[in-house]
Amino acid sequence: MDEQISPAARVNGAITLPGDKSISHRYGMIAAIAEGVTTIHNYSGGADCQSTLACMEAMGAGIERRDGTTIVTGVGLEGLKRPAATLDAGNSGSTIRMLSGILAGQKFDTVIAGDESLARRPMARIMKPLAEMGASISAREGQYPPLRIEGRTLGPIDYSLPVASAQVKSCVLLAGLFAEGETTVREPMRTRDHTEIALGEFGAEVAVRNRVITLKGRPRLEGREVRVPGDLSSAAFFLVAALLIPDSNITIRGVGLNPTRSALLDFLVGMGAPVQVPVLEQVSGELIGDVVARYAPVRGGVLEGEITAALIDEILVLAVLGAKSEQGLTVRDASELRVKETDRIATLAENFKRMGVAIEVSQDGFHVPGKQRFRAAELDSFGDHRVAMAFSVAALAADGPCLIRDAGAASVSFPEFYSKLQHVTT
């Protein structure tokens, strides 16, 4: 599906967003290995999160969708069954990386694969710690999907992450559920902590201190009622749109504001953006609030170190804002962008080139000078949902209509993106 985006006069109104993709994945997996029924409100409708549910259903968990609510009947730690066929993670790196931790602790063997894009994404970072726990995993060329996982009795591990990664941390913790004793993960810098929160909500014993997470194995997880907050990563596209277009004012209701994710708001405020959170509460262990933003010129900024890791999913749309800012945007320590659904540094540079926007690229980052104009162009998502959405936002500020090729890629995480965008643009 292609999408034509016309320049916007303003971005205005109030919207709610689909459930946070990261939290939805974790609730879907943990609910399936809990005992009893879990009711999940606002579970993400994105294809990635549906892939997670399909994998859990293929191993015996009950999945029912009813009026925007997802009901998961869990089978307990010992209750998953060998799937009849290869598990299909689709385009979802979150599914294959985190679910591999659960699969490693089963009494049966599984094969998990995905689409052509996922088949190019390296898995060595999860294979190493799982092997140290006793798992046996083979992969194409030693690191690429499909993964063949031989279920084993796992042992606890004390593992220091060589690179900050919430997915790798989560994979090890989920594997630790099946190991007798305490599994510990040490982070070089803090990453999103949805797994730790969710495990605690379902009954696991999890301790967190100074970037050291310790999980007691073999817990009794119990089904419960939870609500997924609106996805802050999805909110980023609408916040940036409002900051780009004069006379804009937008309210996004019920957004997840977990401190490991809300660095986005801190960074925008640091750029000079008028962003406010007038409502804040805690639901299912996660902070949720309303976010309000209005148009204002912003200064620009630098992303490096821990802040880069915290904002890895928002960097593309922040680059769009950076090109319009006073001083531009510099990004360092972002080599992970090279191994996402696309090489996001390369796809960012290609689409900026088509729009006449200058960018200087390095191996682990880039610099986008400020005060640039966006030229109307034919742009390409390259099959990457975040590329599609980031350049749809850029198109709102272009000097004429832009065509986004393969815009349907946005459905991987945000099927309603274009209808929501149309709702708030005039």
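Give me the extension gain from M189 to E360: residue separation times 0.36 nm, minus the current Cα-Cα distance, reported in nm with one decimal.
Numbers: separation 171, 0.36 × 171 = 61.56 nm, distance 2.68 nm.
The M189-E360 span can extend by a further 58.9 nm.
By per-residue mean of other Cβ atoms within 10 Å, what is the highest-first order of 392-403, 137-148? Before the final figure, lay out the partial values.
Working: 392-403: 20.7, 137-148: 16.1.
Result, highest mean first: 392-403, 137-148.
Quick one: of the DSSP bridges fully inside the chain, what percent are antiparallel, nearest 5?
70 percent
Please state the shape class of the stretch 1-141: rounded when a/c is under 1.5, otherwise prolate if a/b exceeds b/c and oblate if not, all from the C-alpha gyration tensor.
Oblate.
Per DSSP helix of 4 or more residues, -39500 (n - 2.57); summed, then divided by the residues of the chain. What does that give at 222 nm, rounded to the nearest 500?
Values: 13 runs with 131 residues, N = 426.
Mean residue ellipticity at 222 nm (helix-derived): -9000 deg cm²/dmol.
Taking the highest mean first, how do the peptides 319-327, 242-250 order by number of other beta carbon atoms within 10 angstrom per residue?
319-327, 242-250
Ordered by residue, what ³J(HN,Hα) values in Hz, to whole numbers, does the stretch 124-139 give under the Karplus form 6.51 cos²θ - 1.76 cosθ + 1.60, where θ = phi - 60° and Gly and Pro are x?
Calculated HN-Hα couplings, in order: 4, 5, 8, 5, 5, x, 5, 4, 5, 8, x, 6, 10, 10, 10, 9 Hz.
Taking H as built 1.01 Å from N, whose amide H comes closer than 5 Å to the amide H of L287, not counting residues under 5 places away?
Correct list: L257, N258.
So for the stretch 21-227, averaging the separation of alpha carbon pairs under 8 Å that are six or more residues apart and normalising by length, what relative contact order in percent results?
Relative contact order comes out at 22 percent.
Could you work out how far the C-alpha centroid of the stretch 330-355 sits from that of the stretch 76-127, in angstrom?
Using only Cα atoms to place each centre, the spacing works out to 27 Å.
Could you tell me the relative contact order of the stretch 343-426? Use alpha-carbon pairs under 8 Å, at least six residues apart, and round to a whole percent.
After rounding, I find 24 percent.
Express the relative contact order of the chain as a whole percentage, based on alpha carbon pairs under 8 Å and six or more residues apart in sequence.
The value is 18 percent.
Read the figures in this text as sums done on the coordinates, not as results from a lab. It should be emphasised that the depicted structure is a prediction, and the values quoted were computed from it without experimental measurement. Here the Cβ is made from the backbone with ideal geometry for all residues, glycine too, and neighbour counts use every protein chain on show.
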